[in-house]
Amino acid sequence: MSHGQLRGANSAPSQRSLADTRAPDEGDGVDTSPDISDSIAKTTCYMCACRCGIDVHIKDGKVRYINGNKDHPVNRGVLCGKGSAGIMQHYSPARLKKPLLRTGPRGSGEFREIEWEEAFSIATERLSKIRRTDPKKLAFFTGRDQSQSLTGWWASQFGTPNFAAHGGFCSVNMAAGGLYTIGGSFWEFGEPDWDNTRYFMLFGVAEDHDSNPIKIGLGKLKARGAKVVSINPCRTGYNAIADDWIGIRPGTDGLFVFALIHELLKAGRVDLDYLLRYTNAHVLVIQEPNAADDGLFARDSGGNPMAWDRVAKVPVSATNSDAKPALTGNFELDGRRCVPVFQLIADRYLQESYSPDAVAERCGVAADTIRRIAAELAHVAFEQAIELPIAWTDWAGRRHETIKGRPVSMHAMRGISAHSNGFHSCRAIHLLQVLLGTVDVPGGFRFKPPYPRSAPPGPKPAGKDVRPMTPLEGMPLGFVCGPDDLLVDDVGTPIRIDKAYSWDAPLAAHGLMHTVIRNAWAGDPYRIDTLMMYMSNMAWNSSMNTVETMAMLTDSDEAGNYKIPFIIYSDAYYSETVPFADLVLPDTTYLERHDCISLLDRPISHADGPGDAIRHPVVEPDRDVRPFQTVLIELGARLGLPGFVDDDGSAKYRDYADYIVNHERTPGVGPLAGWRGKDGTSTGKGEANPDQLQRYIDNGGFWHHDFADDQRYYKMANRSYLDFAENMGFIPKAEPIVFQLYSEPIQRFRLAARGHGRVLPPEAERSRIETYMDPLPFWYTPFEEAAVDLEKYPLHALTQRPMHMYHSWGSQNAWLRQITSQNRLFVHNRTAAGLGLVDDDWVWIESINGKVKGQIKLVDGVNADTVWTWNAIGKRRGSWGLKDDAAESNRGFLLNHIIGDQTSADANGKRYSNSDPVTGQAAWFDLRVRIVKCAAEEAGFTEPQFERFRQPPHFEPSPDKLSFGAEFRREREAARP
Amino acid sequence: MTCLPAHTDKKLGLVIDLDTCVGCQACVTACKEWNTGGHMAPLTDIDPYGGDADGVWFNRVHSYEHITEMGGRTVNFPRSCLHCETPACVTVCPTGASYKRASDGIVLVDEDKCIGCKLCSWACPYGAREFDTDVGVMKKCTLCVDRIYNDNLAEEDRVPACVAACPTSARHFGDLGDPASAISQLVAERGGVDLMPELGYHPTNKYLPPRANTTRAASVPAPALEPVRAEGGFLGWVDRMLSN
Amino acid sequence: MHPAFSVVFFTTATGAGYGLLALLGVLAGLGFVPPDFWLGAIGMGLALGLISAGLLSSAGHLGRPERAWRAFSQWRSSWLSREGVASVATFVPAGLFAIGWVVLGRTEGWVAVAGVLAAVGAVATVCTTGMIYASLKPIAQWHSRFTLPGYLIFSAMSGSVLLNALLHGFAIGSTVLLAGCMLLTLLGWGWKVATWRYNDRLEIPTNANTATGLAGGTVRSLEWPHTEENYLLKEMGFRVARKHKARLRQITQVLAFASPVLLLVAVLALPWPYAAVLSTLAATVQFAGMLVERWLFFAEAKHTVTLYYGR
């Protein structure tokens, strides 16, 4: 493992085997050396999004045991609660067995089994008609898909722009907030420098991404005595071990961060040198109100942004490394007033409205606490700065004898993301990091390759021109740089069914999967024919407003036809969404399939080097199921999609494994970066290697490249790293990546709202665009909070998955569900007392969108204005192989039922998706509720209840008893003399 | 033989760091997964998909709120067999099924001798033993006796499954009878404590208390921030800094 | 603690059975009770029947009853093993005594020795039963100086009331025995009330702080490791509602102590067969009352593991 780290993550002397591991002569007949497995297959976990390396021990063709792969860069031998419960996922009784065709009404669960051939011909006939007529009538949305580079490319080859995965529900505020600012992101795209940081700030729920790396990192911080500060309304999980827990009010993190920035600016505790070298702080912004270029950068004739040389007193190219750029002041360029970005920053955040005293009440955090945190940040960043004795050279060729670092790091994820102000809050945190000079420095937050990329990264979303039988000109998802890149028609109507990249959600880099069902149902912006989905529980916990969503899926027009005419769904399990499909394509479990964790998608890189990985079949399926990716490739071939067929029309790829090895996105660049070239000696770019998968298997299922010491930090401006990144194809050219504190692409939208440019928002959208497309981050009240009567709905309501279920299908897992099969609503003791509630009471949780019933648990560790619960514990009866008396469907509840999927109507009567106005990120943390004790006869069971799903053909009732492992022991004992 | 050994050569056990445990349940399922096919296999689950799901587990993680004058704190608390030095669960056993190994101090159940009277579970203050109603015998943590000496595992893997899995490094393993061992030194350094010491079971496993309640609490001696004292305020300061 | 019926019945029945056996062994062996076949057959049948039924019931509580024989091996450390050994060993003198007294109609010599040995065995067995509970440190209500004497007193009490019913059945009731019954019942009553008083005021050093090692302040359970009841909670997490508990204590006092005393007072004044009927009724009512007492003995006992669950 890299840079002197031990192989195993938990290999402290007190965690190693005994010095002498010979069994003592106890004489008690215990077999201390039982045989464990016939073989060990090293593959990649899929119990969540973390993608750890696992060693699967196989005994007699059965999975005996799964443990973490010590060599793997993600988990280095450890494994989380989900990973070790993978056996129960694999052997789940809820696994689908054969393709299904709906026979009863949609949503009933009445199906008949069909052969794969029939399934393919139904799908091919339907889709090929769509492709011949209007490809966008296919909406293809995948869920927790780890093959988006394939699925997105498939959509592109099909010719539909209507593709996304569930990032719009999950992460896009973080992805976009980061990628438009620093060219990287928290999420899985970066990580704190766990070995060097001394002060770690954790914002919001972060138990989702990255699961094990963060846990390993927290362990390191604790072992080193570094300070951990958590900003989270709930004191659970990681927050439990924080030295400081700031129980902030939901949705106010941005404001809190601005107050920190205010304090740091006021005290002159910002890293000016860093700002000058790596950011656009010195770039001149045109200040000519009403001009078409107001707020854009002053550029020279070559299009380069300009700065003001404070010594020479002349404008210079902002990238001129010899210049002495000004950070403050007012300058005139060609008769136009300009100011440096940093002046705008100072002007905004030094305002008293951002002072600790001004924000304290709103944030629920004492002003003194804010001041203390600001002082601590400054102290650690500037008084405890570190230097690694490693020489490196920057992009301009300047040699630095040491690598300087400021050991303050931050991480944020769900808690920031899932608010309607999440994009700007995320940008606020990045701004804070950059002002302190802590991005990609020792002790700070570090990029994982292929990041950083230019902010925003290059490719723009394709789909402007949708034509029959024609692939899109690029991938459906990308990054817009201004209104010209939007996917809207001449009158501003969205081109995509989810309205991504429209005026509703201009920077929707992950699409808006959460709007698809409503939009398709309403025919807004148009009707579709087929909705194809993969691995996403849209009829339950992956949708907001579940009750109405289910109604929309089953609603029909006057003629009795379903408003969403055809639904194809692929899942491995009998989830709540399967019964709503017309055609069900049964997927395999993660131990039965090939996959690639690709640098083209969401890689598993480490800040110390890029990596990718594969899954390969460890056990054979005992059912008539096929991996969805293989099915998609065959479907592509049957449809004759370019890229999926050879010139003679024959299938280009046998299956997904064949695709992984032989597909080239651009010449020499394929899904996997390791062991390329005919002989496997190339890395990154190279010809397809027929032996590539075996090389991965031989290496433990993954490929990882370790950076040289001088490439590990300052990747945004590190010559050696940038050259490497160019060679690998991470970036088009080895040029420095400049952090965009002020975002010019966002300003372009604002200008459009003022009537400048070619593509203009409809009149009704202009003030919304003007307000939210602010080139500098700002804070506003989350939409639901701003719209509802706060007297009536006085509480914030949050939902997070327990760590042992995050991003996994936990509730049908026989082991995990024993840990949590009923969720409680956690209520602060004081709040409960005020409402006359006591522990274990049953309450109605009511929002403007509906009400749901659950049982409360009183706690001390929660913001007093906030209630919260574990998400997706509640299950619908008849799903997941659970029995009718299962706690999940009797006492567990789903908060999604009462989270609206639309905002309240605005002055024009328009209801937007309940999303961030910039990125379209679902705003499910904005929920406001009241809680009311239910009547005595209503206690003890959850509501609403839904009709029980019928079971698919040949579904055996789930067993009354599991004795997993007894067979291994029997066999062992039989073999003993 | 349920009389206790007068002396054990080693005192193998676990140390659990409550300052670091995030309650992720990794040790819980890793334990379940190893042991359901291990020495005491199976760890039967009754009604695994129904309303009365109840399985045998050797390791459970609770969470608590600890509220003192210094404030409140959430504490995740793994609970498993402590392999006590004077375990009454062993001495109450009428059949000799429960025993403490003289070599390493591990407390085990010999299933073939167990009559399922459950008295040992009554005698254990810690709730470490769980009854397998299907097999009719008592089951408990073996300290992975079938891992720590297992020749079929790589040497580095010969640690209890819970320790191997723990992502935050909150679990430690070793000989607590040897004051020079890394684990004993960790206990000494961190002020490890016994659970329910007043009952006199002399648990081998130790718990390291959260540092928030100790002098180890991480703090940053940061002086309060003062506004810059430059002409022109902050912007003046910027200019001055850049001119230097 | 979960009041499993098998264990409640076991301790109640063997307590009464051993009490009766001990009294018969001593009194008959020493000639205070005349040898009479039917009296002996019924008396010894009742004593040994209660003991055997109790032991069988306790075996039913086992997960692997076919291995019960193994329980005789660990008498050096285990009170349960000692109980097994003592109970079986007591059958030997008890059997000899039954042959001598009932079948052969003799009360002297080896029969008397067997009788006294049976009595010693009975007392010893009751002691081991009491010690099983009294030795369990995790259950403070049991690990007290009240438990062992309680078992002995209740055994003597229910045994004597049974013997009184037996003698009255054969119209040879003894006023001395009757007085003894009343005194023992009053003693039992007093002991039980004192035990309850003691337990209600019990302050033990073991609490959620020491259970978790978290010193100072309060420790409150936030989430269990499992949301549904598991073995620990089913076996040791039993809780009886306060109102329910008070009612059951009243029922215990009425059935096990007050009613038998009143009935026995009436017996003093009434001739046969009324005395016999009321004596039998007293024994029956008391046995029912003792079942309730024993149910409460378990139900009110709080195991330290409940501290982990905030119960």
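The values are calculated or read from the model by the stated rules, or taken from the named source; none is laboratory data. From a predicted model like this one, the values you see are computed outputs, not experimental measurements. Here Cβ is always computed from backbone atoms with ideal geometry, including for glycine, and neighbour counts include all displayed protein chains.
Before moving on, here are some points about what is shown:
- Cβ-Cβ distances below 9 Å connect the following pairs, each with a first residue in region A:730-753 that is without any contact (Cβ under 8 Å) to a residue 40 or more places away in the chain and under 19 Å from A:Pro777 (Cβ atoms), a second residue that is of a type in the set (Val, Ile, Thr) and buried (at least 20 other Cβ atoms within 10 Å of the Cβ), and a separation of six or more residues or different chains: A:Ala753/A:Ile769.
- Within region C:35-71, the residues that satisfy the criterion of being facing another protein chain (nearest Cβ under 8 Å) and either touching a residue at least 24 places away in the same chain (Cβ under 8 Å) or touching a helix residue (DSSP H, G or I) at 6+ places or on another chain (Cβ under 8 Å) (or both) are C:His61, C:Leu62, C:Pro65, C:Arg67, C:Ala68, C:Arg70, C:Ala71.
- Listed by position, the helices (runs of 4 or more DSSP H) contained in region A:735-852 that have at least 3 residues being in contact with a Leu (Cβ under 9 Å, 6 or more places away or on another chain) are A:744-753, A:829-834.
- Whichever residue in region B:189-221 is of a type in the set (Gly, Ala, Ser) and buried (at least 18 other Cβ atoms within 10 Å of the Cβ) and, among such residues, is farthest from the other protein chains (Cβ to nearest Cβ): B:Gly192
- Scanning region A:488-503 for residues that are surrounded by fewer than 24 Cβ atoms within 10 Å (Cβ to Cβ) and either under 23 Å from the mean Cα position of the chain (by Cα) or among the polar types (S, T, N, Q) (or both) turns up A:Thr493, A:Ser502.
- Helices (runs of 4 or more DSSP H) lying entirely in region C:219-311 (those with 3 or more residues that are under 30 Å from B:Leu18 (Cα atoms)): C:231-236, C:305-308
- Breaking point among (1) at pLDDT below 95; (2) of a type in the set (S, T, N, Q); (3) more than 30 Å from the chain's Cα centre (by Cα), for A:Gln287: (1)
- Hits in region C:106-133 - residues which are surrounded by fewer than 21 Cβ atoms within 10 Å (Cβ to Cβ) and within 14 Å of chain B (Cβ to nearest Cβ): C:Met131
- Here B:Pro42 fits the description: within 7 Å of another protein chain (Cβ to nearest Cβ), assigned to a loop (DSSP other than H, G, I, E, B) and either of a type in the set (Phe, Trp, Tyr) or closer than 19 Å to B:Arg129 by Cα (or both).
- Here A:Ala176 meets the list (1) under 12 Å from the mean Cα position of the chain (by Cα); (2) of a type outside the set (Asp, Glu); (3) under 23 Å from A:Ser409 (Cβ atoms); (4) surrounded by fewer than 24 Cβ atoms within 10 Å (Cβ to Cβ) almost entirely, failing just condition (4).
- Some residue of region A:233-240 being outside any helix (DSSP H, G or I), crowded, with 21+ Cβ neighbours inside 10 Å and either modelled with pLDDT under 95 or in the same structural domain as A:His804 (by TED's automatic domain parsing) (or both): yes
- Among the residues making up region B:17-39, those that are assigned to a helix (DSSP H, G or I) and either hydrophobic (A, V, I, L, M, F, W, C) or touching a Lys or Arg at 6+ places or on another chain (Cβ under 6 Å) (or both) are B:Ala26, B:Cys27, B:Val28, B:Ala30, B:Cys31, B:Trp34.
Residue by residue, here is whether (1) touching a Gly at 6+ places or on another chain (Cβ under 9 Å); (2) surrounded by fewer than 22 Cβ atoms within 10 Å (Cβ to Cβ) holds:
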site: A:Ile567; (1), (2): no, no
site: A:Val618; (1), (2): no, no
site: A:Asp624; (1), (2): no, yes
site: A:Val631; (1), (2): no, no
site: A:Val645; (1), (2): yes, yes
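- Taking region C:197-214 as the range and being modelled with pLDDT under 95 and within 7 Å of chain B (Cβ to nearest Cβ) as the test, only C:Pro205 passes.
- Complete set of residues in region A:877-890 that are surrounded by fewer than 24 Cβ atoms within 10 Å (Cβ to Cβ) and more than 9 Å from chain B (Cβ to nearest Cβ): A:Arg877, A:Gly878
- Residue check for C:Ala215: on the phi < 0 side of the Ramachandran plot, surrounded by fewer than 22 Cβ atoms within 10 Å (Cβ to Cβ) and either of a type in the set (Gly, Ala, Ser) or part of a strand (DSSP E or B) (or both): yes
- Out of A:Glu207, A:Glu263, sole residue that is within 11 Å of chain B (Cβ to nearest Cβ), among the charged types (D, E, K, R) and assigned to a helix (DSSP H, G or I): A:Glu263
- Residues in region A:212-225 that are in contact with a helix residue (DSSP H, G or I) (Cβ under 9 Å, 6 or more places away or on another chain) and surrounded by fewer than 24 Cβ atoms within 10 Å (Cβ to Cβ) were compared, and the one that is modelled with the lowest pLDDT is A:Gly225.
- Some residue of region A:395-403 being surrounded by fewer than 19 Cβ atoms within 10 Å (Cβ to Cβ) and in a strand (DSSP E or B): yes
- Taking the criterion of being without any contact (Cβ under 8 Å) to a residue 12 or more places away in the chain and either in contact with a helix residue (DSSP H, G or I) (Cβ under 7 Å, 6 or more places away or on another chain) or of a type in the set (A, V, I, L, M, F, W, C) (or both), the residues of region A:929-974 that qualify are A:Ala935, A:Ala936, A:Ala966, A:Ala974.
- Filtering A:Ala505, A:Ala509 for residues that are farther than 16 Å from A:Pro762 by Cα, assigned to a loop (DSSP other than H, G, I, E, B) and touching a helix residue (DSSP H, G or I) at 6+ places or on another chain (Cβ under 9 Å) leaves a single hit, A:Ala509.
- Test: residue in region A:350-369 that is in contact (Cβ under 8 Å) with a residue 12 or more places away in the chain, within 30 Å of A:Ala734 (Cα to Cα), within 13 Å of chain B (Cβ to nearest Cβ) and part of a helix (DSSP H, G or I): no
- Pairing each residue of region B:220-244 that is at positive phi with any residue that is of a type outside the set (Ser, Thr, Tyr), provided the two are 6+ apart or on different chains, yields C-beta distances under 8 Å for B:Gly232/B:Asp239; B:Gly233/B:Pro227.
- Verdict on B:Thr20 being within 8 Å of chain A (Cβ to nearest Cβ) and touching an Asp or Glu at 6+ places or on another chain (Cβ under 9 Å): no
- Screening B:Glu231 against (1) more than 7 Å from every other protein chain (Cβ to nearest Cβ); (2) surrounded by 15 or more Cβ atoms within 10 Å (Cβ to Cβ) leaves a single unmet condition, (2).
- Matching residues, region A:213-238, being at the interface with chain B (Cβ under 7 Å from one of its Cβ atoms) and among the hydroxyl-bearing types (Ser, Thr, Tyr): A:Thr236, A:Tyr238
- Residue check, A:Arg969 of a type in the set (Lys, Arg), farther than 30 Å from A:Gly415 by Cβ and buried (at least 17 other Cβ atoms within 10 Å of the Cβ): yes
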